[in-house]
Amino acid sequence: MPDPQDHRAEADELIAYHAEISGAMTAERTALESRLIPVSAYILVSAAEAWYRWPDMMQSIDKVMPAEEIGAAGRRPGVRVNAVHLWSIANIYLTGRKLLTTFGVVEDEVERTWTVLDFWRRAAGAYRADGTLQAWDAGFKAHPYGDDVIESLLAQTTATDEQARAAIKKLNATLVAYLFLMYFDTRVGAGDSGPYPLDGGRTLLVRDYYQLGQSDFAWSHVAAGVPYQNLTAALVLDGVDVRVNDWGTSLTEPEDYLDHLVAFGLYTTDGAGGALRPVLPDEWDGLLATVRKAQADHYRQVAAMDRRQKIDAGAYVYFSFLRPFAEVAGVADELDWTVPRDTVGPLYDALEPFTGEGASMEETGPYYLPLAPSA
């Protein structure tokens, strides 16, 4: 049986690893608050829920399918076991740990933290399959897709002209804005990977759009008419320096990267086997019409929610970042995804008013503290 001290050392090593990287990434993040949705409050509720519940849920998932196999399953388009969900299952939990231990709500627990970070480490290593755990480690590169996937994505791309680039810009902007609201002001509905170097100095950037249609999100009934669940875009760029971070976000130089798009392909993985199937330009107008209608309907239902309903919905989005791992393992329907559950009562009441306004990102020590010493 493993020595608990070994788990403490491993957990502290991984805490320090995330503290350095996530502290730097979070310090550069733009403001979280919006006029419509109380983002900061729902992040805290979801993080507290994650501390209480994710360790047991991860153990249940891991027993059915090891984290390594789940991570490897994410190496194909249309699967939400991806960079941002991996980052989230470690860091949302660590945020909850930071919140609850700082205010003395809970005692720091070695095994709870080790369980989460060990699951993350094994899944992330298998997902990347290059000896690193995050894009940060590899100079902002994320290459989950193998040569076979890249060949399939490139096989049916077509050259772009000014008119095609304008249509692609409209398509991308509409899908990204729609998913941003569908995920309650969270950018994880669209995720990038790359850069994949091509001949002639060109670069492939791959963008996945996840859960466009009706899903486990209770509010997604407005999207019942959207014809696709998942889409994947292949963007061939010329003269663009591309970096991809662990939030699945591209950082490009120059910023107007779509002006340098020389070839493009759009695919869906919907259907048996998840094979890539082209979505041709003559389908785009109909797709965008249904997306715009769903977005307008969703905006109206969000605007009609009270503050707590918005917090609960946003907290579900963050808490369910673990769900894709359970879905791959085939146990998602056996787990309880209710939010809020373990934070109901005085803790929720204390977190509900939080806005983040005036909060400083300055830290007097590590972003995440090491485990508390044994009594």
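What follows draws every value from the coordinates through simple rules; no lab data is involved. Note that the coordinates shown come from a computational prediction; the quantities given were computed from them, not determined experimentally. Positions of Cβ are backbone-derived with ideal geometry, glycine not excepted, and every protein chain shown enters the neighbour counts.
Quick notes on this structure:
- Oblate is the label for the range 91-212, because the ratio a/c of its alpha-carbon gyration tensor axes (a ≥ b ≥ c) is 1.5 or higher and a/b is not greater than b/c.
- Using alpha-carbon coordinates, inclination of helix 110-128 to the longest axis of the chain, degrees: 20
- Burial ranking of peptide ranges 151-162, 271-282, 49-60 (average Cβ count within 10 Å, highest at the top): 49-60, 151-162, 271-282
- Spatially close Lys pairs in the chain, defined by Cα atoms under 30 Å apart and a spacing of eight or more places or different chains, total 9.
- Seen through its C-alpha gyration tensor, with square-root eigenvalues sorted a ≥ b ≥ c, the range 147-303 comes out prolate because a/c lies at 1.5 or above while a/b is bigger than b/c.
- Label point 7 Å beyond Cα of E107 along Cβ direction - residues of the range 43-63 with amide nitrogen under 19 Å: 51-53, 55-56
- Helix-derived mean residue ellipticity, 222 nm - over the chain, DSSP H n ≥ 4, -39500 (n - 2.57), to 500: -15000 deg cm²/dmol
- Gained length - A9 relative to R341, 0.36 nm times residue gap less alpha-carbon distance: 116.4 nm
- Taking each residue as 0.36 nm, the span from A296 to F354 lengthens on full extension beyond its C-alpha to C-alpha distance by 18.1 nm.
- Under the simplified labelling scheme, the A275-V331 pair shows an inter-label distance of 3.2 nm, with each label point 7 Å from Cα along Cα→Cβ.
- Net charge dipole size for the range 147-303 [Lys, Arg +1 and Asp, Glu -1 on Cβ; Debye, nearest 20]: 600
- Taking a ≥ b ≥ c as the square roots of the eigenvalues of the Cα gyration tensor, the chain is prolate, since a/c reaches 1.5 or more and a/b is larger than b/c.
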